[in-house]
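Structure first, commentary second.
We did not get these values from a lab; they are worked out from the coordinates using the rules stated. Because the structure is predicted, anything quoted here is derived from the model rather than measured. Ideal geometry is used to build each Cβ from the backbone, glycine not excepted, and the neighbour counts take in all protein chains shown.
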Amino acid sequence: MDISIGPLLIQALNAIQYGLLLFLIASGLTLIFGVMGVINIAHGSFYMMGAYFAFTLTGLTGNFFIAVFIGAVLSVVVGLFLEWALFSHLYKRNHLEQVLLSYGLILIFEEIRSVTVGDSVHSVPIPSWLNFSIPLGEIMTYPFYRIFISLVCIVIAIALYILINKTRVGSMIRAGASNSGMAEILGVNIKIVNRLVFSLGVGLAAFAGMINAPASAVAPGMGMEVLIVSFVVVVIGGIGSVWGALFAAMVIAFADTFGSVFFPQVASMLTYIIMALVLLWRPDGLFKR
Amino acid sequence: MKPMTRNTYVYILWAVFFIALLLFPLLQLDFYSEMVSRIVILTLFAVSLDLLVGYTGLVSFGHAAWFGVGAYGFAILSTKYQVADSLWVTLPVSLIAAAVLSCIVGFFVLRTRGIYFIMVTLAFAQVFYFLVHDVPAIGGSTDGMNLYGRPTMNIAGWDVIDLENPLSMYYFILAGLFVSLIFLWAFLRSPLGRAIQGIKANEHRMLSVGFPVFKYKLIAFIVSSVLAAFAGYLFAVQSYGVNPELLSWHKSADALLMLILGGMGHLYGGIIGAFALVLLKELFMAYTDWWQMWLGTTIVLLVLFLPGGLVSVPHRLKTLLGRVS
């Protein structure tokens, strides 16, 4: 029996969970880039918002899943409102203005968080019926909740695949991503598509924040960390490519997780080294159509 | 009398601005002197970014990295390894380090454009942030470093300027801005500078006319980074310390914010923007409890309703109140 299999399996499970989570965040980001051509640096704030929804709503309702449901609905509402009030005015503007407007949003989100919940680090309890560990081999165990996160993310990824590839709305989204002007001429109501894609992106990022909240800390600044990694994922995957985002998220997650096991000195750099190599080879990302 | 052209107004404003800053210490407001010299450093930082964003058309979201390279350059040489205190050594070494590093980073990031460029510059700046946060060999730590002193300016045993004197420091920073602005002014008027502005106007045409666009972009990237490093160097010297927050993405965002506040593509935009941003922050901190909320809201409204920045206000008023022809 090879004793090193167990730890490797644990790291692989961690990497899959991290990668799927990154995918949920980055897929919304890449769709928003692809369909609307808008760069939104407040996307990490949506992830943070989700985590804080999970924290406060679980406290209020006493049930994590009810909290996630209410939080998801609230996030989509927030997304619809932001698209209507702010982002829909930015599609024709330059990227600098888009960056700055979303920077303003980050400041507003951080202040709302600081005023309503405070600046301390919180945690969300794992629902009791999921709070157990499963044995891996002879001595090791693995917390089931992390596997649960991966399973939920896989379900969402499949649902996203069906939505984008098999439904009428999905074909509108794809049309918008490949050529929004042409799609509009052919009768697609691009305004509705934009609003839908934006709130879908917000919903996915917030959902990622909510589902991951019991497995990690709910803390200030968590949004920006995730945002920068998601940017790297989008750069590697190619703007507008959801499956590119899935592939890139997995690459980054495995590199990051196994990097910190085998090369702890350069682990935090590894993500960026991969990005630099991809830039040398394919500056437009691996899956850019 | 001949009516004054727009250029004449600009030159008069420049003169008034520099004379005001020159005379400012006479008011003997020590606290504000410190603040003003910080604004002057920020101005230099914003102007250096303007070369990229406003003149070359490259929206960099990682400019704070170069500010940090300049600041840590001095900190590493003077305090971490104590190799040199002299300005004649530390300043050139810091600037050359910025030039070399920005040449390497530029080689990667300039292969991209548009949204990619914004994301990639942010990601590379994050690498520099991690380095000064996590790598002890270059003085990396969460808290940064306190510096032992300011650089000496010694020529043949004679101290030209004693930077420990606050007044000398103030005028040294002001001179730094002045020299950099003159340099930028000349650079932008040189054939190379003209070509770089042509890239912003129409990159494909410049390429088909036969200009080595990538090389020119790289030069603009390096020049802009070196000037930002100079600003960072001055900051470290003035504040006796460095910390990783100098390289954080907030700093990069602030630099972009200053440009859009002041208006891009004129060197005075950076100055207006730097003063406006610092004053706005001070105002919100002094008079409101939630300064981030107010600043954020101001930014959102500014982008939505005043995309040309404060510089565009006179022009907007003129169009609004002008006579119908």
- request: Rounded to the nearest Å, what's the spacing between the alpha carbon centres of the stretch A:59-119 and the stretch A:244-268? Just the number, please.
  value: 29 Å
message: Given contacts defined as C-alpha pairs under 8 Å and at least six residues apart, what's the relative contact order of the stretch B:12-249, whole-number percent?
response: 40 percent
- request: Just add up the charged neighbours of B:Ala228: K/R +1, D/E -1, any other residue whose Cβ is under 13 Å from the Cβ of B:Ala228.
  value: -1
- prompt: Counting only Cα, what are the radius of gyration and maximum Cα-Cα distance Dmax of the stretch A:15-90, in Å?
  reply: 13.9, 40
field: Average projected area [Cα convex hull, the protein assembly as shown], square nanometres
entry: 34.6 nm²
query: In Å, what is the Rg of the alpha-carbon atoms in chain B, and how long is Dmax?
result: 20.2, 69
query: Which values, in whole Å and largest first, are the semi-axes of the equivalent ellipsoid of chain A obtained as the square root of 5 times each eigenvalue of the Cα gyration tensor?
result: 31, 24, 18
message: Given points 7 Å out from each Cα along the Cα-Cβ axis, report the A:Asp119 to A:Val152 separation in nanometres with one decimal.
response: 3.0 nm
statement: Label model pair A:Ala215, B:Leu26: point-to-point distance (7 angstrom along the Cα→beta-carbon line) in nm is 6.7 nm
Acute angle (nearest 10 degrees) that the helix A:168-185 long axis makes with the longest principal axis of chain A, alpha-carbon atoms: 40 degrees
- request: Give the order of A:Lys288, A:Lys92 when sorted by the count of other beta carbons within 10 angstrom, beginning with the fewest.
  value: A:Lys92, A:Lys288
message: Give me log10 I(q)/I(0) at q = 0.11 Å⁻¹ for the stretch A:19-161, Debye formula, one equal scatterer per alpha-carbon, no solvent.
response: -0.53
query: Considering every Cα-Cα pair within the stretch B:100-220, what fraction, in whole percent, is farther apart than 20 Å?
result: 67 percent
- prompt: GNM on chain B, C-alpha springs below 10 Å: top fluctuator among B:Val83, B:Val105, B:Val132?
  reply: B:Val83
field: Efficiency of FRET between B:Trp158 and A:Gln265 - r from beta-carbon atoms, R0 51 angstrom, step 0.05
entry: 0.65
- request: Could you give the DSSP H helices of chain B that reach 24 angstrom or more along their long axis (alpha carbon positions) and whose average Kyte-Doolittle hydropathy is no lower than -1.0?
  value: B:6-23, B:30-50, B:87-109, B:115-134, B:166-189, B:213-239, B:267-287
message: Under the 0.36 nm per residue contour assumption, what length would be gained going from the current alpha-carbon distance of A:Lys166 and A:Phe132 to full extension?
response: 8.5 nm
statement: Going residue by residue through the stretch A:230-246, the Karplus relation 6.51 cos²θ - 1.76 cosθ + 1.60 with θ = phi - 60° gives ³J(HN,Hα) values, rounded to whole Hz and with x marking Gly or Pro, of 5, 4, 4, 4, 5, 5, 5, x, x, 4, x, 9, 5, 6, x, 5, 5
- line: In the neighbourhood of B:Leu44 defined by beta carbon distances under 13 Å, the net charge of the other residues (Lys, Arg +1; Asp, Glu -1) is 0
message: What is the sum of charges, Lys and Arg at +1 and Asp and Glu at -1, for the other residues whose Cβ falls under 13 Å from the Cβ of A:Phe198?
response: +1
message: What do you get for the angle between helix A:95-116 and the principal long axis of chain A? Use alpha-carbon atoms, 0 to 90 degrees, nearest ten.
response: 50 degrees
- line: Computed on Cα atoms, Rg of the stretch B:264-325 relative to 2.2 N^0.38 Å comes out at 1.35
task: Please report, to two decimal places, log10 I(q)/I(0) for the stretch A:232-289 at q = 0.12, 0.14, 0.28 Å⁻¹ as given by the Debye formula with identical point scatterers on the Cα atoms and no solvent.
output: -0.26, -0.35, -1.03
field: Förster radius 22 Å - calculated FRET efficiency between B:Leu279 and B:Ile138, Cβ distance, rounded to 0.05
entry: 0.05
task: Only residues of the stretch B:148-179 count here: report those whose backbone N is under 20 Å from the spot 7 Å along Cα→Cβ of B:Val83, or say none.
output: B:148-154
task: Could you work out the equivalent-ellipsoid semi-axes for the stretch B:43-143, taking the square root of 5 times each eigenvalue of the Cα gyration tensor, largest first, in whole Å?
output: 26, 16, 11
